[in-house]
Every structure is written in C-alpha cells, then in structure tokens.
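The values are calculated or read from the model by the stated rules, or taken from the named source; none is laboratory data. On a predicted model such as this, the values are computed, not experimentally measured, just so you know. A quick note on method: Cβ atoms are made from the backbone with ideal geometry, for glycine too, and the neighbour counts reach across all protein chains shown.
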Amino acid sequence: MFRIVYWLTYAGMWLLALLPFRLLYVLSDGLYLLMRYGVHYRRKVVRTNLRNSFPEKEERELREIERKFYHYLCDYMLEEVKTLRISFDELTRRMLYENKEQFLEMVERHGGIVLLIPHYANFEWIIGMGSIMQKGDLPIQVYKPLHNPFLDRLFIRIRSRFGGYNVPKHSTAREIIRLRRAGKRMVVGLITDQSPNPREAHYWTTFLHQDTVFMDGAERIAKMMDFPVFYCELQRISRGHCRVRFDLLTDTPKQTAEGEITELFARRLELTIRRDPPYWFWSHKRWKRKRN
C-alpha cells in the first residue's frame with residue numbers, strides 16, 4: 001500500500017513540476033481559495049497562534065496576516081513540488097545569498113559551522129546552498145524521517161538533488177564526527193523551531209508572548225564540534241524569490257552558557273517574524289506542549 005502511495009504521489013508531483021511557475025501560481029490562487037474558504041485548513045490553530053502572538057494587534061490586522069499566510073502556504077507547497085524539476089541555475093537565480101564571505105571563511109577556518117534555519121519563507125530552497133560553498137564541502141541537511149518509508153525516500157530524493165547530504169536526526173552526532181575524521185568540511189543545517197517531543201532535550205523561554213520550548217540539539221552539536229553558529233535570515237522578496245543572510249551568533253560556542261545559543265536563535269527568529277509575520281508556519285501546533 002505504501003509503495004502505491006509513493007508512486008502515485010511521485011507521479012502527480014512530477015507532472016505538476018513540469019508546469020512553469022506562472023501556471024503553478026494560478027493553481028496556487030485556486031488552492032488558496034479552497035484551503036481558506038472551503039476546508040478551513042487548521043483555521044482555529046492559525047487564529048489562536050496569531051492572536052496569542054500579537055495581542056497588541058487589532059482583529060483586522062490579524063485577518064490580513066492570516067490571508068497572506070494562507071496564500072504563502074499554497075505557494076510554498078507548489079514551490080516544493082517544483083523542486084523536483086527546477087534547474088540548478090534557476091534555483092540559484094531565485095535565492096539571493098548575501099554576506100557570504102564570513103560564512104565561507106568560518107567553514108574553512110573551523111572545518112564546519114552550524115546553520116540555524118527557521119520554517120520561514122522559501123526555507124526548503126536552502127538545498128541549493130552548495131552553489132556558494134567551496135568544492136568538496138558538504139551542505140548537511142538534518143531531517144526527521146517520516147513514518148512512511150516511501151514518502152520519506154521521496155523527500156530525501158528532492159532534498160539531495162543539488163548535492164545535499166541528508167542525515168537523519170537520530171544519527172547526527174555520529175555522522176558529523178565520522179565526516180570530520182574523514183577530513184570533510186561542512187555546513188550543518190538544522191530546522192530549529194519545531195516543537196520537540198517529550199523524549200528530546202529542550203530549552204524553555206518566552207517567545208512571542210508565550211511560554212515556548214525549543215530543541216537544543218543544534219546548540220549541543222555546535223559545542224561538541226566547536227563549530228561557529230549562524231542564523232539563517234530569510235526574507236521573501238516576491239513569489240518564488242528570496243533573500244538570504246548568514247548572521248553570526250557566536251564563533252566560540254564552548255564559551256557560551258547553557259541555553260545561550262538557543263536563546264539567541266529564539267530572539268532572532270522573533271525579530272524575523274515581527275518584521276513580516278505572514279511567512280512563518282502559523283498552522284503548526286507550536287505551543288501544544290506546556291511547561292510542567
């Protein structure tokens with residue numbers, strides 16, 4: 001059954017990915033109307049998250065953020081499908097990387113860095129980051145395996161199209177140590193704003209006016225390897241176009257206090273969201289866990 005689902009999903013996505021962006025966005029407009037006004041996709045979750053995160057905003061402002069979010073979410077889903085067929089040249093034209101010099105210098109000097117990435121804007125297209133890295137350096141993508149092994153294989157296939165080295169979350173430390181012993185230089189990219197499960201190490205802080213738990217695995221990896229830590233600042237310029245900045249949080253992770261790096265990430269992410277709220281994943285049940 002899973003195999004059938006995989007091949008049907010892959011075939012459908014492959015056909016969709018053949019369409020030019022102009023037609024994909026026409027489909028996205030239709031999907032937006034269905035998702036927001038027809039099925040009301042997670043509307044209660046979205047509205048609760050927005051209301052709790054921006055108590056200072058009027059209802060009219062919150063509805064406008066909601067409208068733009070649903071439009072962005074539909075664009076995001078179809079842009080992810082397009083990743084199956086997009087050329088490397090087109091992807092690099094659509095992702096504008098700024099201030100690369102310090103980023104690359106730190107990779108060369110320290111043998112690797114940790115890059116903290118939020119669920120924001122065109123974050124999935126960071127898979128093309130190899131375009132700005134030195135030949136032979138590894139762009140490592142840490143991911144959480146899906147329960148369906150065939151769909152898991154599909155998304156690994158998408159995310160490794162441009163040289164991305166995919167590492168399952170539970171094997172991260174072991175694999176990074178192995179690669180360093182083999183003399184590899186790397187950028188370890190982690191999506192760091194999910195809600196951790198109860199078995200994972202975590203860090204509590206106040207985020208968007210709410211008691212929030214963050215995973216601290218990226219901080220532990222940075223300290224273990226003594227890798228500098230960068231925040232990936234994403235800014236959506238327009239449909240299918242994004243600006244990326246790499247902002248150094250610390251180049252001495254072992255000298256930071258427990259939780260300090262995770263706190264720095266939370267503060268930077270909060271600034272990113274407040275600058276342009278619609279382009280974060282408001283449909284996630286981000287605050288489902290409560291502090292004991």
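Among the listed residues E90, E66, E56, E61, identify the single one that is touching a residue at least 60 places away in the same chain (Cβ under 8 Å), among the acidic types (D, E) and either at positive phi or not assigned by TED's automatic domain parsing to the domain that holds S131 (or both). When all the criteria are applied, what remains is E66.
Of the candidates P145, P139, P118, the single residue that is at pLDDT 80 or above and in contact with an Asp or Glu (Cβ under 7 Å, 6 or more places away or on another chain) is P118. Candidates G38, G30: the one that is surrounded by fewer than 16 Cβ atoms within 10 Å (Cβ to Cβ), free of Cβ contacts under 8 Å to residues at least 40 places away in the same chain, of a type outside the set (D, E) and within 25 Å of W125 (Cβ to Cβ) is G30. The residue pairs whose first member lies in region 251-263 and is assigned by TED's automatic domain parsing to the domain that holds Y231, whose second member is assigned to a helix (DSSP H, G or I) and among the charged types (D, E, K, R), and whose beta carbons are closer than 6 Å, counting only pairs six or more residues apart or on different chains, are P253/K223; K254/K223; I261/E219; T262/E219. Taken over region 123-161, the criterion of being aliphatic (A, V, I, L, M) and within 15 Å of the chain's Cα centre (by Cα) is satisfied by I126, I127, M129, I140, V142, I156, I158. Being among the basic types (K, R) and either part of a strand (DSSP E or B) or out of contact with any Lys or Arg (no Cβ under 9 Å at 6 or more places or on another chain) (or both) holds for only one residue in K254, K285, K290, and it is K290.
Among the residues of region 177-197, those identified as among the charged types (D, E, K, R), within 16 Å of N166 (Cα to Cα) and in a helix (DSSP H, G or I) are R178, R180. Applying a threshold of 6 Å to beta carbon distances and a minimum spacing of six or more residues, or different chains, the list of pairs starting in region 268-292 at a residue that is buried (at least 17 other Cβ atoms within 10 Å of the Cβ) and ending at one that is polar (S, T, N, Q) reads W282/N49; R286/S195; W287/Q210. For region 199-217, the criterion of being without any contact (Cβ under 8 Å) to a residue 12 or more places away in the chain, part of a loop (DSSP other than H, G, I, E, B) and not small (G, A, S) is met by at least one residue. Report, by residue number, each residue of region 38-56 that is in a helix (DSSP H, G or I) and among the charged types (D, E, K, R). Residues satisfying the conditions are R43, K44, R47, R51.
Taking region 95-118 as the range and being on the phi < 0 side of the Ramachandran plot, surrounded by fewer than 20 Cβ atoms within 10 Å (Cβ to Cβ) and not aliphatic (A, V, I, L, M) as the test, the residues that pass are Y97, E98, K100, E101, Q102, E105, E108, R109, H110. Of all residues in region 133-159, those that are closer than 20 Å to K82 by Cβ have Cβ atoms under 7 Å from Cβ atoms of residues that are part of a loop (DSSP other than H, G, I, E, B) and hydroxyl-bearing (S, T, Y), 6 or more apart or on another chain, in I158/T83.
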